[in-house]
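Novice: Below are the structure tokens for one structure; questions will follow.
The values are calculated or read from the model by the stated rules, or taken from the named source; none is laboratory data. Being a predicted model, the structure only gives us computed values, none of them experimental. All Cβ positions, even for glycine, are placed from backbone atoms using ideal geometry, and neighbour counts span all protein chains on display. All accessible areas refer to the heavy atoms of the entire protein, side chains included, with ligands and DNA or RNA removed. Shrake-Rupley method; radii C 1.70, N 1.55, O 1.52, S 1.80 Å.
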Amino acid sequence: MLLHVEDLNIEFHDHIVPETVVYDFDLDMDEGEIVGLVGESGSGKSMSALAIAGLLSRHDAKKRGSIIFMGEDILNCPRETLRGLQGDEISMIFQEPMTSLNPVKKIGWQVEEAMRIHTDKTPEERKKRALEVLRSVELNDPERVYNSYPHQLSGGMRQRVMIAAAMVNTPKLLIADEPTTALDVTVQAEVVKLLKRINREENTAILFISHDLSLIRQLCKRVLVMKGGYVVESGDVEKIFVNPEKDYTKRLIDSIPKVILDRD
Amino acid sequence: MGKNRRYDFNLILGSILTAITTVPALIGMIWTPYDTHTMNNSLKLAKASLMHPFGCDNFGRDLLSRVMEGSATTLLIGLGTVFIGVVIGTFIGALTGYYGGLVDDIFMRFNDVMFSFPSLLLALVFVAVMGSGKIQLLFALGIAFIPSYVRIVRAEYVRARNMDYVKSAKLAGASDMRVMFVHILPNTFKILLNSVLIGFNNAVLAEAGLSFLGIGVQPPDASLGRMLSDAQTYLFNRPGLAIVPGVTLIIMVLGISLLGKREK
């Protein structure tokens, strides 16, 4: 078992009345598994992901339950332990490729950051690995990208760079928080294909968050459907597609646009 | 770098004016045409001549040499003040902006108190406590200038704190210090540069003001403010004594302001 989440509750205390955004979230993931997490905006999917990545700062969110990742308790372990895992065993990519790269640093520097922190590779070894990983995310001219600034790249390229930076230490778990939402459809398909390949080649487990059920269906075997902070349905993707138990899931499936062919 | 780059008038004129004042000042730090402290009764209030292009002051000291030394002193105090303000201001601003919460509240309320005094008055108080002199003036102005930099830097860090690239950096396992000073800090340079230039001008003017009042640089040392103060008595029979340091001061401040106003 790679990841075991049990009874995760997340509460925010930054208003007068505490606000719970995630209720009793359970999730188990094995190594090399791809799990989908689907739901509308505000359903708590991103919050759960941030908590798993250890990114919810400790003072403004209260968390109950347990998140065990590779035997470490993410919610209660010392920060040092958490930092040791982040970037090495857990990585995350975000929705907006425009803001998730530092605008004033070169791509190469940013891709190498996790190596600089977690390994004692020499600069030459780091560069070699960075170019290798940039090539593996199917960027055409890794040398050029390595020496570019984020604003010189397109959205799709930046998202690939993000994936490269996340994969540089070959983590066990990659959390993808709506990685395709800001991209156009053709690029979406390529990124999904890329994630699939990474999963197959590196045996990295992927927690794929999206509000797009059709993408989830392409990528994942297992899916969790969230609404209003609750997991309303979970299980095999195909089963849920064919026979959704909950009304909400049904409506979610119906909302996938279908191509109408009878134009006559 | 476009070929049709427009000439930036502010930048060019600013550079020229700054060079006109800083180059003689820099030379004045190591060499002046005449000794600046030796008095000569026969040259008392001498008119401009080939030997003494700006004439001599009431003690028969060469005015050109005095202005060179004086602008060097003023320049150094301006730079030192900005340096103290920026370094300490950036550090405090980064901590409060990045962490937020109670630390932020305490520092910012203290900052507000400091802010509620005009910085010149604040410097006056420091000088009154620490005594007058070059070094004291430098520290007094430096401390008085810290709050404004804290404000500017803090605002940048508050904005950056929730950016995805900061989340990515944390997720790479970077420590708080690394996130603050390696990842975020370069992003503040653009805004910091302008406030450094404005701050430098304010510091130069504050030095001149305090020295004029007789609590800054002490005789026989020269500074532009000190020289203006000394020239008061001879304003009607030898206006050049006031005009030369005064115009130097104006050119110095104007040049830097133009640099700060350069087109984006």
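Novice: I'd like the accessible area for A:His151: 1.4 Å probe, protein heavy atoms, all chains in place, Å² to the nearest 10.
Specialist: 140
Novice: Further question on the same structure: Report, by chain and number, residues whose modeled amide H sits under 5 Å from the one on A:Ile93, excluding near sequence neighbours (fewer than 5 apart, same chain).
Specialist: A:Ile175, A:Ala176, A:Asp177
Novice: Let me ask you something else. Please identify the GluC sites (Glu not before Pro) of the range A:25-80 that satisfy two criteria: DSSP loop assignment and at most 16 other Cβ atoms within 10 Å. Which are they?
Specialist: Answer by residue number: A:Glu31, A:Glu40.
Novice: For B:Arg151, A:Arg222, A:Arg200, A:Arg135, what's the largest-to-smallest order of accessible area, 1.4 Å probe?
Specialist: Order by accessible area, largest first: A:Arg200, A:Arg135, B:Arg151, A:Arg222.
Novice: For A:His118, A:His15, B:His52, A:His211, what's the largest-to-smallest order of accessible area, 1.4 Å probe?
Specialist: A:His15, A:His211, A:His118, B:His52
Novice: Using the structure shown, list the pairs from A:Lys193/A:Lys221; A:Lys63/A:Lys196; A:Lys196/A:Lys221; A:Lys62/A:Lys172 with a Cα-Cα distance above 21 Å, or answer none.
Specialist: A:Lys63/A:Lys196; A:Lys62/A:Lys172
Novice: I would also like to ask the following. Name the residues of the range B:144-182, by number, that are at least 50 Å² less accessible with every protein chain in place than in the isolated chain; the surface is that of heavy atoms, probe 1.4 Å, without ligands or nucleic acids.
Specialist: B:Asp164, B:Tyr165, B:Lys167, B:Leu171, B:Ala172, B:Gly173, B:Arg178
Novice: Please give the direction-averaged projected area of the C-alpha convex hull for chain A, in square nanometres with one decimal.
Specialist: One quarter of the hull surface, i.e. the mean projection, equals 16.4 nm².
Novice: Provide the per residue accessible area, probe 1.4 Å, for the protein assembly as shown, rounded to a whole number of square angstrom.
Specialist: So the protein assembly as shown comes to 49 Å² accessible per residue, rounded to a whole number.
Novice: Right, here's the next one. Determine, from the Cβ-Cβ distance of A:Ser255 and A:Ala189 and an R0 of 30 Å, the FRET efficiency 1/(1 + (r/R0)^6), rounded to the nearest 0.05.
Specialist: 0.95
Novice: Then there's this: Given a 1.4 Å probe and the protein chains all in place, what does the accessible area of A:Val104 round to, in Å² to the nearest 10?
Specialist: Approximately 60 Å² of A:Val104 is accessible to the 1.4 Å probe.
Novice: Classify the range B:95-145 as rounded, prolate or oblate from the Cα gyration tensor: take a ≥ b ≥ c as the square roots of its eigenvalues, call it rounded if a/c is under 1.5, otherwise prolate when a/b beats b/c and oblate if not.
Specialist: Verdict is prolate for the range B:95-145.
Novice: In the range B:139-246, which chymotrypsin sites (Phe, Trp or Tyr not before Pro) fall in coil by DSSP and have 15 or fewer other Cβ atoms within 10 Å?
Specialist: B:Phe236
Novice: Which ³J(HN,Hα) values in Hz, rounded to whole numbers, follow from the phi angles of the range B:121-134 under the Karplus curve 6.51 cos²θ - 1.76 cosθ + 1.60, where θ = phi - 60° and Gly and Pro get x?
Specialist: Working through the residues one at a time gives 5, 4, 4, 4, 5, 4, 4, 4, 7, 8, x, 9, x, 4 Hz.
Novice: Now for a different question. Largest first and in whole Å, what are the equivalent-ellipsoid semi-axes of chain B based on the Cα gyration tensor, each being the root of 5 times an eigenvalue?
Specialist: 41, 22, 13
Novice: For the full complex of protein chains and a 1.4 angstrom probe, list B:Ser229, A:Ser41 by accessible area with the highest value first.
Specialist: Largest to smallest exposure gives the sequence A:Ser41, B:Ser229.
Novice: Follow-up. Determine the percent antiparallel among the DSSP beta bridges restricted to the protein assembly as shown, to the nearest 5.
Specialist: Taking every DSSP beta bridge within the protein assembly as shown, about 55 percent pair in antiparallel fashion.
Novice: Let me know the mean shielding of A:115-122 by other chains, meaning the per-residue number of their Cβ atoms within 10 Å of its Cβ.
Specialist: The mean count of partner-chain Cβ atoms within 10 Å per residue comes to 2.
Novice: Further question: Dipole of chain A (Lys/Arg Cβ +1, Asp/Glu Cβ -1, origin at the Cα centre): which of A:Ser66, A:Leu134, A:Met115 lies farthest to the positive side?
Specialist: A:Leu134
Novice: So if each residue of separation counts as 0.36 nm, and I subtract the Cα-Cα distance between A:Glu201 and A:His4, what length gain in nm does that give?
Specialist: Working it through step by step, the gained length comes to 68.6 nm.
Novice: Excluding ligands, DNA and RNA, what is the accessible area buried between chains A and B, summed over both sides, using a 1.4 Å probe, to the nearest 100 Å²?
Specialist: Summing both chains' loss of accessible area gives about 1800 Å².
Novice: Roll a 1.4 angstrom probe over the protein heavy atoms and tell me the percent of accessible area of chain A that is carbon or sulfur.
Specialist: Percent of accessible area from carbon and sulfur atoms in chain A: 49.
Novice: Same structure again: Using +1 on the beta carbon of Lys and Arg, -1 on that of Asp and Glu, and nothing else charged, what's the dipole of the range B:206-264 about the Cα centre, debye to 20?
Specialist: 240
Novice: May I ask you to compute the full-extension gain from A:Gln218 to A:Gln152, defined as 0.36 nm times their residue separation minus their alpha-carbon distance, rounded to one decimal in nm?
Specialist: 20.7 nm
Novice: Let me confirm one metric for peptide B:223-234, namely the mean number of other chain beta-carbon atoms within 10 Å of its residues' beta-carbons.
Specialist: 0
Novice: Would you work out the charge dipole size for the protein assembly as shown about its Cα centre, treating the Cβ of every Lys and Arg as +1 and the Cβ of every Asp and Glu as -1, and quote it to the nearest 20 debye?
Specialist: Around 2040 debye, computed over the protein assembly as shown.
Novice: Moving on. What is the helix-to-structure angle for B:101-115, meaning the angle in degrees between its Cα long axis and the longest Cα principal axis of chain B, kept from 0 to 90 and rounded to the nearest 10?
Specialist: 20
Novice: Separation between the A:Ser234 and A:Met98 pseudo-spin-labels, each 7 Å from Cα along Cα→Cβ, expressed in nm?
Specialist: Distance between the two pseudo-spin positions: 3.5 nm.
Novice: Be a star and scan the range A:2-24 for residues whose amide nitrogen sits under 13 Å from the point 7 Å along the Cα-to-Cβ vector of A:Cys77.
Specialist: Under cut-off, by backbone N: A:2-4.
Novice: Name the residue from A:Ala166, A:Phe25, A:Leu213 whose Cα lies farthest towards the positive end of the charge dipole of the range A:3-254, charges +1 on Cβ of Lys and Arg and -1 on Cβ of Asp and Glu.
Specialist: A:Ala166
Novice: Ignoring ligands and nucleic acids, what accessible area does A:Asp30 show with a 1.4 Å probe (Å², nearest 10)?
Specialist: Accessible area of A:Asp30: about 80 Å².
Novice: Compute, for chain B, the length of the dipole vector about the Cα centre, with Cβ point charges of +1 (Lys, Arg) and -1 (Asp, Glu) only. Units Debye, rounded to 20.
Specialist: For this selection, approximately 740 debye.
Novice: Same structure again: Just check the protein assembly as shown against the gyration tensor rule for me: Cα atoms, a ≥ b ≥ c as the square roots of the eigenvalues, rounded for a/c under 1.5, and otherwise prolate or oblate depending on whether a/b exceeds b/c.
Specialist: Prolate, since a/c reaches 1.5 and a/b exceeds b/c.
Novice: Moving on to the next point. Given H placed 1.01 Å from N in the peptide plane, which residues other than close sequence neighbours of A:Phe12 have an amide H under 5 Å from its amide H?
Specialist: Sorted by chain and number, the residues that satisfy this are A:Glu19, A:Thr20, A:Val21, A:Lys62.
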